[in-house]
Amino acid sequence: LNVAFFAEVLFTGKTFFARDVSTFHYPLKKLVTEAYARGEWPLWNPYIQMGQPLLANPNCMALYPGQLLFQFLPFETAFELHFVVHCALAGMGAFRLARMLGLSLQAAFLSAVIYNFSGLTLSAVNLFNILPVVAFLPWLCVALLWLVSRPSAARGCIAALLLGCFFLLLEPLSTLATSLFL
């Protein structure tokens, strides 16, 4: 469903541009990607005012594992896939959570479609650093329920790894709110 929904972006020359995507997030992500490509840490953005920290800016998501897409794929492809993949992850997480809560396959599929294409998820498509938060929420719930249902060191490590990836988003308000929710 995500491939069909985002077909215009995936298979034509069109891309995401609304709100902060093209004027704020695109240039920042480009700076991060170029710094890593040169073998440097993306420490500084010299183009805003008299310069600003780049790595410390949570909007850059410079340490987030999704940055690997940008290092191995053409920048524009990775930029577009960032949105599509996170929407798909949101839907898959909602499906897994619904199944874990005992819903039927059909109900879980409907839950996934609703969450994947809800106003919450699709409105975050123009917020580069918030969309991964939306994608992580059901997965964090799955990890927590999985850990609580049968605690073990292995499950604790897997849950900690997922939570660690979430914290690498460095989005302070979402991190605090999600931590309190969990």
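The values are calculated or read from the model by the stated rules, or taken from the named source; none is laboratory data. A quick note: this is a predicted structure, and the numbers were derived from the prediction, not measured. Cβ atoms come from the backbone with ideal geometry, glycine included; neighbour counts cover every protein chain shown. Only protein heavy atoms, including side chains, enter the accessible area calculation; ligands, DNA and RNA are left aside. Shrake-Rupley method; radii C 1.70, N 1.55, O 1.52, S 1.80 Å.
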*Student exercise, the chain dipole from Lys, Arg, Asp, Glu Cβ charges, in Debye to nearest 20*: 440 debye
_Probe 1.4 Å - accessible area at Phe167, Å² to nearest ten_ = 80 Å²
*Give the long-range amide H neighbours of Asn45: residues separated by 5 or more places, or on another chain, with amide H under 5 Å away, using H modelled in the peptide plane at 1.01 Å from N.*
Gln52, Leu54
*Have a look at Met100, Ala37, Ala56 and report the one farthest towards the positive end of the charge dipole of the range 16-127, computed about the Cα centre with Cβ charges (Lys/Arg +1, Asp/Glu -1).*
Met100
*Quick one: Cα centre-to-centre distance for the range 28-62 and the range 103-156, in angstrom?*
29 Å
*Would you tell me the accessible area of Glu8, worked out with a 1.4 angstrom probe on the heavy atoms of the protein chains, in Å² to the nearest 10?*
100 Å²
*Helix by helix, which DSSP H runs in the chain go 18 Å or more along their axis at the Cα atoms and have an average Kyte-Doolittle hydropathy of 1.6 or more?*
131-149, 153-167
_Please list, in order along the range 41-47, the HN-Hα scalar couplings obtained from phi with the Karplus expression 6.51 cos²θ - 1.76 cosθ + 1.60 (θ = phi - 60°), rounded to whole Hz, x for Gly and Pro._
6, x, 8, 9, 10, x, 9
*asked:* Which one, Leu168, Leu101, Leu31, has the greatest fluctuation when you compute a Gaussian network model over the chain with C-alpha springs under 10 angstrom?
replied: Leu101
*Helix-only mean residue ellipticity at 222 nm for the chain, each DSSP H run of n ≥ 4 adding -39500 (n - 2.57), per residue, nearest 500*: -19000 deg cm²/dmol
*Only one of the values [x] 60; [y] 38; [z] 46 was calculated from this structure for percent of Cα pairs over 23 Å apart; name its label.*
[z]
*Might you report the magnitude of the Cβ-based charge dipole of the range 1-75 about its Cα centre, with Lys and Arg at +1 and Asp and Glu at -1, to the nearest 20 debye?*
60 debye
*Just subtract the alpha-carbon distance of Arg150 and Leu173 from 0.36 nm times their residue separation and send over the number in nm, one decimal.*
5.3 nm
